[in-house]
1. Can you report the number of residues in segment 585-606 which are of a type in the set (Gly, Ala, Ser) and modelled with pLDDT of 80 or more?
2. Which of the residues spanning segment 503-544 are among the basic types (Lys, Arg) and either within 16 Å of the ligand (Cβ to nearest atom) or part of a helix (DSSP H, G or I) (or both)?
3. Pairs only if they're at least six apart or on different chains, beta carbon under 6 angstrom, first in segment 460-480 and over 30 Å from LYS334 (Cα atoms), second at pLDDT 95 or above and within 15 Å of the ligand (Cβ to nearest atom); list them, first residue then second.
4. Considering only residues that are among the β-branched types (Val, Ile, Thr), over 28 Å from GLY393 (Cβ atoms) and either buried (at least 17 other Cβ atoms within 10 Å of the Cβ) or within 15 Å of the ligand (Cβ to nearest atom) (or both), which ones fall in segment 334-345?
5. Given the structure, is SER325 closer than 30 Å to CYS92 by Cα and more than 8 Å from the ligand (Cβ to nearest atom)?
6. Within the group ALA102, ALA115, ALA126, which residue is exposed (fewer than 14 other Cβ atoms within 10 Å of the Cβ) and within 15 Å of LEU27 (Cα to Cα)?
7. Name every residue in segment 346-368 that is in contact with a strand residue (DSSP E or B) (Cβ under 8 Å, 6 or more places away or on another chain) and away from the ligand (no atom under 15 Å from the Cβ), in order of residue number.
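The values are calculated or read from the model by the stated rules, or taken from the named source; none is laboratory data. Computed from a predicted structure; not experimentally measured. Positions of Cβ are backbone-derived with ideal geometry, glycine not excepted, and every protein chain shown enters the neighbour counts.
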Amino acid sequence: MTTSTTLPFAPSDLEAATRIAEPDVDLLDALVRSDDPDDQARILARVVLSAFDNYYAVSRRIPSLAKAAFEARDWTLTVRLSKARIGLYTTCIDQLVPPLKAGMPELVKDEQLWARAEAELLAAIAGRYEADFAFAFWHSLRRKLVDDEWRPVSYDSGPAARPPASSAAILDATVTTLPIRPAVIREILAGAGLEAPWRDLDGDAALAAAAIEAALEPLGPRDGEPTRIEIAQSGFFRNRGACLIGRIKLRDRGDMPMRSIPLLIALLNEDDGLVVDAVLTDSDELQFAFSSTLANYHATNPHYHELARLLYELMPKRPLGTQYSCIGFHHLGKVAVMTEILAEHQRSKERLATAPGFKGTVAIAFTMPSSAYVLKIIRDHPTDDYKFDYFDGLDAVLRKYNLVHEIDRAGSMLDNIIYSNVKLDRTMFAPDLLDELLEAGIGTVTMERGALVFRHLIVQIKLTPLPLYLGTAKPDDARAAVVNLGDCIKNNAAADIFNKDLDGRNYGVSRIRKVYLFDYDAVEPLTDVKIRSADAPRGTFEDGVLFRPSDMLEGLRIDDPALRRAFRDAHPELMQAEYWQTMQQALRAGKVPRVMNYPAKRRLRA
Ligand SMILES: Nc1ncnc2c1ncn2[C@@H]1O[C@H](COP(=O)(O)OP(=O)(O)OP(=O)(O)O)[C@@H](O)[C@H]1O
């Protein structure tokens, strides 16, 4: 049996399905004409809520379109949907800003009107599932309107905050006994609601059941033991893949406590039908597959809090805030991450101080010792040690951080959360850092009534900077890290990203021991770089970014000769001009090199 390959959507259909309706002109008109403050507040709240509703409706449509694209094997559509979704929120806010600024220039400064309108909005959204999302939208709009001023707008959910979600609400449970029979897995797969034929459902169910049985082995399973398989009522779609996620629970047995393993069933839709490609049962492997360094998944279940909670339970090494981003809820992720940073500070009483490792020449990075995050600002001018002759400026660097946020990071670049006009209490900062941030020459930080206001603030997950890791790791771990560094550089290249600052200190090692790039001021599109072979003459003046792969090893500045050798032995091609030129040709031809997002050994068929 062959799946249909007809494309379900012409580009114009997609455009229509993802088009945000224009803001409500009649309401805007009524707002501009009214001079009654109560009316204005009520109408302003309605204008914004109606724009949010337009946004939300389209953003909810995208996961079902992604599902349809997966079912029809329309990979072009999948990529277009991801691109469309990431820009939707900002587009919708941007639509409102010009008419509001033109029609009511006084709005920006009218604190009373905002307070009244906010009360109206909160009353209108009370009881709605997505009330906190609507409130985040309200704050984002306000932030955009006051963008030209030093006026911080809170990043919290305030009165629209929801109580902590429980994952139970979105889980389907199958109660069975060990060993888990293929028929049980078959039922779960068939019940996933995918409208495409399976290539070999029975065969896949048998292979998946065997993989699960092997994964349960370390938990001391006993035949006949009651077991609960919990699967999220949601499909997750990304690129060419889809997955089902959940967990398997074994009850307290007297001689054994309750035991549980996560479960991810990775699906592909090949030209001869749906297949189970892999089964993952290890939290670190799930984290790899769900990495925020990859494109987002589109989840068909709208209950984003419960989904984020489930992901957090399955991958507890990654903070809750970032779980929202990997299912595409970046703005809620932003709110959740800021809330977490403030809660971390409350809990630990630690202060923000300069991040461990080499001090940046372009960024000032800071963190609290037990925080999961690093915060950064970009300096207006680099320090004297800056390596390059020319600095493109603060805005150009921020654009690079934003570009990396928007692309498919190919599993090799940390995501960036970029806040604007954000206020943090001065008591959160260690005195040295406070002095550094407020010193002359940093125009993007100011002190306002006991708080620091940041024009921009970049937040990333905290890694161990590679030089620190190599300095303390066991020899095998250090070797694995430098080999992984080469994979990271290759994946960056596959995403058309080249870091012209080759230095290994721009990379960090995660808690699951993967290496990622985290410093983006020196990144360039690989396709713009001029690759020079080892024997090309040096010293001639040429415009643009030049790269001589034979300089790579030296550029990495890894001191230990054994580690340099390990890198060279694992990735000899990275030192060859041909490798880079071939990659450039592939990228220019529009070929997207494949990025693996789970270990090959987890695939059910070799
Ligand atoms: N995500 C992160 N996790 C852990 N540490 C980090 C992270 N980001 C930055 N750091 C720390 O902060 C330092 C400075 O950050 P970053 O490399 O971004 O600054 P930079 O000024 O761009 O650096 P350079 O001078 O190499 O251009 C790093 O060397 C590292 O020690």
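1. Step one: list which residues in segment 585-606 are of a type in the set (Gly, Ala, Ser), which gives 586, 589-590, 600, 606.
In the following step, the residues that additionally are modelled with pLDDT of 80 or more were identified as 586, 589.
Summing the residues that are of a type in the set (Gly, Ala, Ser) and modelled with pLDDT of 80 or more in segment 585-606 gives 2.
2. Filtering segment 503-544 for residues among the basic types (Lys, Arg) gives 505, 511, 513-514, 530, 532, 538.
Listed by number, the residues that qualify are ARG505, ARG511, ARG513, LYS514.
3. Filtered contacts from segment 460-480: ALA478/LEU470.
4. So in segment 334-345, the residues among the β-branched types (Val, Ile, Thr) come out as 335, 337, 339, 341.
This time we only want the ones that are over 28 Å from GLY393 (Cβ atoms), so: 335, 339.
If the condition is that a residue be among the β-branched types (Val, Ile, Thr), over 28 Å from GLY393 (Cβ atoms) and either buried (at least 17 other Cβ atoms within 10 Å of the Cβ) or within 15 Å of the ligand (Cβ to nearest atom) (or both), then VAL335 is the only one that fits.
5. On the way: closer than 30 Å to CYS92 by Cα: yes; more than 8 Å from the ligand (Cβ to nearest atom): yes.
Taking the combined requirement at face value, the residue satisfies it.
6. Numbers: ALA115 fails: within 15 Å of LEU27 (Cα to Cα); ALA126 fails: within 15 Å of LEU27 (Cα to Cα).
None of the other options fit; the residue is ALA102.
7. Listed by number, the list holds a single entry, ARG351.
Let's see how each residue does on (1) in the same structural domain as ASP521 (by TED's automatic domain parsing); (2) without any contact (Cβ under 8 Å) to a residue 40 or more places away in the chain; (3) near the ligand (Cβ under 8 Å from one of its atoms):
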{"site": "GLU306", "(1), (2), (3)": "no, no, no"}
{"site": "LEU320", "(1), (2), (3)": "no, yes, no"}
{"site": "LEU332", "(1), (2), (3)": "no, no, no"}
{"site": "SER371", "(1), (2), (3)": "no, no, no"}
{"site": "ASP385", "(1), (2), (3)": "no, yes, yes"}
